[in-house]
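Student: For reference, the structure I am asking about is given below.
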């Protein structure tokens, strides 16, 4: 039975002090309810240790927003998967559209990051998705397939530990909106791509999250779709009440 997951991605927001307060508020709200999904907050590197000190990881999981594709060494400014794991984090976002777009991350880089994350017992939240041009020219299924296939050198055992997040990049900050049916179609496509490589049984076990402007107002409709197993939440994760509003969509 695959897990339903709501994961917050804080991106480059909040000071350490603000992050501690937000994490405490999220933790407190979750403590007073029974969430029918796993809840994770993925925070800036600077926040990992202090946030881990104020949350109960039985209630809310902790993740980083990235890690390096190298084990260790003379890579100034980079943070390794081992370093992330040493903070107490259990998750790491990899291949987010912003990392691909602004920092030139490639499928080749991302498989190395994924391997290192898994070696350090981190659960990768591996992001895939197409830009507006690819959506409009009809190549979006092929584009997302190639991004998923970047992981196909993993063993079935390792692939089963990965969470996939689909981001319709064209619907983020453009005024265009992906419908719940469009989300479902792509999630089903991703699951079929995985099934062709690893078999239907494993494909059915993989959690696939939706990462396109999910809010309390549309979360229930999205999460009702059979292949949408939760969300990777950006802006709405920066306010505890809105984030918990999305978690409640599973209740």
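Student: Looking for whichever is assigned to a loop (DSSP other than H, G, I, E, B), touching a helix residue (DSSP H, G or I) at 6+ places or on another chain (Cβ under 9 Å) and surrounded by 14 or more Cβ atoms within 10 Å (Cβ to Cβ) here; the options are 79, 92. Which one fits?
Tutor: Of the residues listed, the single one that is assigned to a loop (DSSP other than H, G, I, E, B), touching a helix residue (DSSP H, G or I) at 6+ places or on another chain (Cβ under 9 Å) and surrounded by 14 or more Cβ atoms within 10 Å (Cβ to Cβ) is 79.
Student: What are the pairs with Cβ atoms under 8 angstrom where one residue, in the range 94-107, is touching a residue at least 60 places away in the same chain (Cβ under 8 Å) and at negative phi and the other, located anywhere, is assigned to a helix (DSSP H, G or I) and surrounded by 19 or more Cβ atoms within 10 Å (Cβ to Cβ)? Sequence gap at least six, or different chains.
Tutor: 97/169; 101/169
Student: Since residue 248 meets every condition but one in (1) farther than 23 Å from residue 30 by Cβ; (2) out of contact with any helix residue (DSSP H, G or I) (no Cβ under 6 Å at 6 or more places or on another chain); (3) part of a helix (DSSP H, G or I), which condition does it not meet?
Tutor: (1)
Student: Which condition number does residue 62 fail, the rest of (1) touching a residue at least 24 places away in the same chain (Cβ under 8 Å); (2) part of a loop (DSSP other than H, G, I, E, B); (3) within 21 Å of residue 243 (Cβ to Cβ) being met?
Tutor: It is condition (2) that residue 62 fails.
Student: Another question, if that's okay. If only one of 27, 13, 9 is out of contact with any helix residue (DSSP H, G or I) (no Cβ under 7 Å at 6 or more places or on another chain) and either touching a residue at least 24 places away in the same chain (Cβ under 8 Å) or surrounded by fewer than 23 Cβ atoms within 10 Å (Cβ to Cβ) (or both), which one is it? If you could, list the steps in order and put the result at the bottom.
Tutor: On the way: 13 fails: out of contact with any helix residue (DSSP H, G or I) (no Cβ under 7 Å at 6 or more places or on another chain); 9 fails: out of contact with any helix residue (DSSP H, G or I) (no Cβ under 7 Å at 6 or more places or on another chain).
Residue meeting the stated conditions: 27.
Student: If you don't mind, there's one more thing I want to ask. Quick one: is residue 36 out of contact with any strand residue (DSSP E or B) (no Cβ under 6 Å at 6 or more places or on another chain), free of Cβ contacts under 8 Å to residues at least 24 places away in the same chain and more than 25 Å from residue 77 (Cβ to Cβ)? Walk me through it before giving the result.
Tutor: Details: out of contact with any strand residue (DSSP E or B) (no Cβ under 6 Å at 6 or more places or on another chain): yes; free of Cβ contacts under 8 Å to residues at least 24 places away in the same chain: no; more than 25 Å from residue 77 (Cβ to Cβ): yes.
So residue 36 does not fit the description; no.
Student: Quick check on residue 208: is it under 17 Å from the mean Cα position of the chain (by Cα) and under 28 Å from residue 90 (Cβ atoms)?
Tutor: yes
Student: Follow-up. Between a first residue in the range 205-234 that is on the phi > 0 side of the Ramachandran plot and a second residue that is surrounded by fewer than 21 Cβ atoms within 10 Å (Cβ to Cβ) and in a loop (DSSP other than H, G, I, E, B), which pairs have beta carbons less than 7 Å apart while being 6 or more apart in sequence or on different chains?
Tutor: Once the first residue is on the phi > 0 side of the Ramachandran plot and sits in the range 205-234, its partners that are surrounded by fewer than 21 Cβ atoms within 10 Å (Cβ to Cβ) and in a loop (DSSP other than H, G, I, E, B) give 213/172; 230/4; 230/207.
Student: Is it the case that residue 55 is in contact (Cβ under 8 Å) with a residue 60 or more places away in the chain and either under 17 Å from residue 113 (Cα atoms) or crowded, with 18+ Cβ neighbours inside 10 Å (or both)? Please lay out each step first, then the result.
Tutor: Numbers: in contact (Cβ under 8 Å) with a residue 60 or more places away in the chain: no; either under 17 Å from residue 113 (Cα atoms) or crowded, with 18+ Cβ neighbours inside 10 Å (or both): yes.
No, not satisfied.
Student: Return only the number of the condition from (1) in a loop (DSSP other than H, G, I, E, B); (2) surrounded by fewer than 17 Cβ atoms within 10 Å (Cβ to Cβ); (3) within 19 Å of the chain's Cα centre (by Cα) that residue 74 does not satisfy.
Tutor: Looking at each condition in turn, residue 74 falls short on (3).
Student: Quick check on residue 241: is it surrounded by fewer than 21 Cβ atoms within 10 Å (Cβ to Cβ) and not in a loop (DSSP other than H, G, I, E, B)?
Tutor: For residue 241, the condition - surrounded by fewer than 21 Cβ atoms within 10 Å (Cβ to Cβ) and not in a loop (DSSP other than H, G, I, E, B) - is met.
Student: Here's another thing I want to ask about it. Out of the range 5-32, which residues are part of a loop (DSSP other than H, G, I, E, B) and either under 14 Å from the mean Cα position of the chain (by Cα) or modelled with pLDDT of 95 or more (or both)?
Tutor: Listed by number, the residues that qualify are 10, 11, 12, 13, 14, 15.
The values are calculated or read from the model by the stated rules, or taken from the named source; none is laboratory data. Here the structure is a predicted model, which means the values were calculated and not measured. Using ideal geometry, Cβ is built from the backbone for each residue, glycine included, and neighbour counts are taken over all protein chains shown.
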